[in-house]
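Notes follow the structure.
The values are calculated or read from the model by the stated rules, or taken from the named source; none is laboratory data. Please read these numbers as outputs of a predicted model, since none were measured by experiment. Positions of Cβ are backbone-derived with ideal geometry, glycine not excepted, and every protein chain shown enters the neighbour counts.
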Amino acid sequence: MPPIDQITAFASDHPVGTVIICVFALVLLALIVFVLRTVFRVVSRLLRRWAAGRPTEDILTIVAASIATGVSAQGMWRFSGDVLGFDGPLRLLLFAFIEVAVITSAVRARRNMRENYSAGIDGIAVWALTCLSAVLSSMDARSLAEAVFRLAAPLVAAWLWERGMAIERHRITGRARINWRLTPERVLVRVGLAEASDRTASEVDAHRRLTRVALAAKKARALREAGASDRKMRVALARLDKAMDRAVEYTGLAIDDKRQEALLSQIGALYNTAALIDLTPPVPWAPEPEQQPVAVAVHPALPSGTARAELVDDDDEEDRPADAGPPVDTAQRAAQLRAARRYWDQQIDLKYVPRAADIAQEVAIPVALAREWRALWKLEPQAHALLEAAYREHGILDTGTFPAIEVPERVLTVNGSSSGDH
């Protein structure tokens, strides 16, 4: 008799017993659903708490490594049964002892990383035990494809563990484990197919064209100084003219001040290469000389209630020995002149005539050179008007040779204070 007919006959013969059995079955089913729901909630809560402080890549690494470890354990299950002859509870207890040792070594290695910043011997044990598990699993394979798969699964798990350890190491120490000398980026830069800096293609092309011009100019000059023949001079000058034409055409050399300065800097460096052997660079670990305080001359005509400034007459500065600064090329001197002029104009707009010492300190040039430039600039109308007003109010003699220029607005004195404040 089919089972459904037996159940129907039992229900017909024992209706009360059938009802009691159905009630108990429903209660048991409700208890099972409740228990499963509780277990699911607890496991979900534990998983969320475990994954709360972990990034996504760490979670995926652990999941993938667990799957690979399971594949390795399945291979060890077959090896323990087919090769070792384990069966029953003994097989269940002993088949995955290597995988358990791998997990234990991985946990210890992670703890060593957090405490000693190195995986230590446990990190080596992870790879050694993984290779042993892979070899033993592949020995019981029935085909070449299965053997390769058995070999790959434990190694994938070990690689994922190693990557997780690298992320942990970088997070703790702030540095990578090793910097390879041979990388694709280094190879591409070495053969000239990649750029090491963040310059654009136009900047790289402009730099190369300017360098060609500077090298061609150096070559022509060297030939001329060596007394080369006319034919060699014509060839060198032709190359220089060709390089210059291309630089003007493709780099905007005729209108770009920065590239003009770059070209002059390269030419200056190439022309003065022999001067490197005569340099006497300072000793970086030598003690710095103590700076003596400089006496500042304050004019006695200034009232005591005014906020006085330190006024130094340029005539007094001429008595000081001029500091001979390091030799600079034409481009650097032009840049210093523009910077000094910009600083002078800003101070004149603020109704203040800067001293030569101020200009020298602002632009980092010798005081003698700053005094020379200031002697020319102070003769300009606006600067001369400020100096004339200072002379009329406080008797400071620094008016140059320009005639006095009257200005309709209130003029500030040299120290930046207004004449109406006295």
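Only residues that are basic (Lys, Arg) and over 15 Å from Gln346 (Cα atoms) were counted in segment 371-387, giving 1. When Ser118 is tested against (1) in contact with a helix residue (DSSP H, G or I) (Cβ under 8 Å, 6 or more places away or on another chain); (2) under 21 Å from Ala65 (Cβ atoms); (3) assigned to a helix (DSSP H, G or I), just one condition goes unmet, and that condition is (3).
Could you please find all residues in segment 190-211 being acidic (Asp, Glu) and farther than 20 Å from Leu264 by Cβ?
Let us first name the residues in segment 190-211 that are acidic (Asp, Glu), namely 195, 198, 203, 205.
If the condition is that a residue be acidic (Asp, Glu) and farther than 20 Å from Leu264 by Cβ, then Glu195, Asp198 are the ones that fit.
Scanning segment 87-101 for residues that are exposed (fewer than 10 other Cβ atoms within 10 Å of the Cβ) and either in a helix (DSSP H, G or I) or modelled with pLDDT under 85 (or both) turns up at least one hit. Of the residues Ser137, Ser143, the single one that is of a type in the set (Ser, Thr, Tyr), surrounded by 12 or more Cβ atoms within 10 Å (Cβ to Cβ) and over 22 Å from Ile172 (Cβ atoms) is Ser137.
Kindly check whether there is at least one residue in segment 377-389 that is within 18 Å of Gln332 (Cα to Cα), crowded, with 18+ Cβ neighbours inside 10 Å and free of Cβ contacts under 8 Å to residues at least 24 places away in the same chain. No, every residue in segment 377-389 fails to be within 18 Å of Gln332 (Cα to Cα), crowded, with 18+ Cβ neighbours inside 10 Å and free of Cβ contacts under 8 Å to residues at least 24 places away in the same chain. Only one entry in Ser105, Ser133, Ser137 is modelled with pLDDT of 80 or more, touching a Gly at 6+ places or on another chain (Cβ under 7 Å) and under 23 Å from Gly164 (Cβ atoms), namely Ser137. Within the set of pairs 6+ apart or on separate chains, which have a first residue in segment 333-344 that is outside the structural domain of Ala370 (by TED's automatic domain parsing) and within 12 Å of Leu369 (Cβ to Cβ), a second that is of a type in the set (Asp, Glu) and buried (at least 16 other Cβ atoms within 10 Å of the Cβ), and C-beta atoms under 8 Å apart? Listed by first residue and then by second, the contacts come to nothing, as the list is empty. The residue that is farthest from Ala220 (Cα to Cα), counting only those in segment 239-279 that are in contact (Cβ under 8 Å) with a residue 12 or more places away in the chain and β-branched (Val, Ile, Thr), is Thr251.
In the set (1) within 38 Å of the chain's Cα centre (by Cα); (2) assigned to a helix (DSSP H, G or I), Ile365 fails one condition alone, (2). Which one is nearest to the chain's Cα centre (by Cα) among residues in segment 25-62 that are surrounded by 11 or more Cβ atoms within 10 Å (Cβ to Cβ) and not charged (D, E, K, R)? Applying the filter and picking the extreme gives Pro55.
Can you say whether Trp50 is over 30 Å from Ala147 (Cβ atoms) and either in contact with a Lys or Arg (Cβ under 7 Å, 6 or more places away or on another chain) or part of a helix (DSSP H, G or I) (or both), as far as the supplied structure shows? Give the derivation first.
Numbers: over 30 Å from Ala147 (Cβ atoms): yes; either in contact with a Lys or Arg (Cβ under 7 Å, 6 or more places away or on another chain) or part of a helix (DSSP H, G or I) (or both): yes.
When the stated conditions are applied, Trp50 passes them.
Each residue in segment 338-359 was checked for being under 40 Å from the mean Cα position of the chain (by Cα) and β-branched (Val, Ile, Thr), and 1 pass.
Looking at segment 113-122, which of its residues are of a type outside the set (A, V, I, L, M, F, W, C) and at pLDDT 85 or above?
If we filter segment 113-122 for residues that are of a type outside the set (A, V, I, L, M, F, W, C), which is where we start, we get 114-118, 120, 122.
If the condition is that a residue be of a type outside the set (A, V, I, L, M, F, W, C) and at pLDDT 85 or above, then Asp122 is the only one that fits.
For segment 63-86, a residue qualifies if it is surrounded by 15 or more Cβ atoms within 10 Å (Cβ to Cβ), assigned to a helix (DSSP H, G or I) and of a type outside the set (Gly, Ala, Ser), and the qualifying residues are Thr69, Val71, Gln74, Met76, Trp77, Arg78, Phe79.
Taking the criterion of being buried (at least 20 other Cβ atoms within 10 Å of the Cβ) and not β-branched (Val, Ile, Thr), the residues of segment 102-112 that qualify are Ser105, Ala106, Ala109.
What about Arg231, is it loosely packed, with under 13 Cβ neighbours inside 10 Å and within 34 Å of the chain's Cα centre (by Cα)?
On the way: loosely packed, with under 13 Cβ neighbours inside 10 Å: yes; within 34 Å of the chain's Cα centre (by Cα): no.
It is false that Arg231 is loosely packed, with under 13 Cβ neighbours inside 10 Å and within 34 Å of the chain's Cα centre (by Cα).
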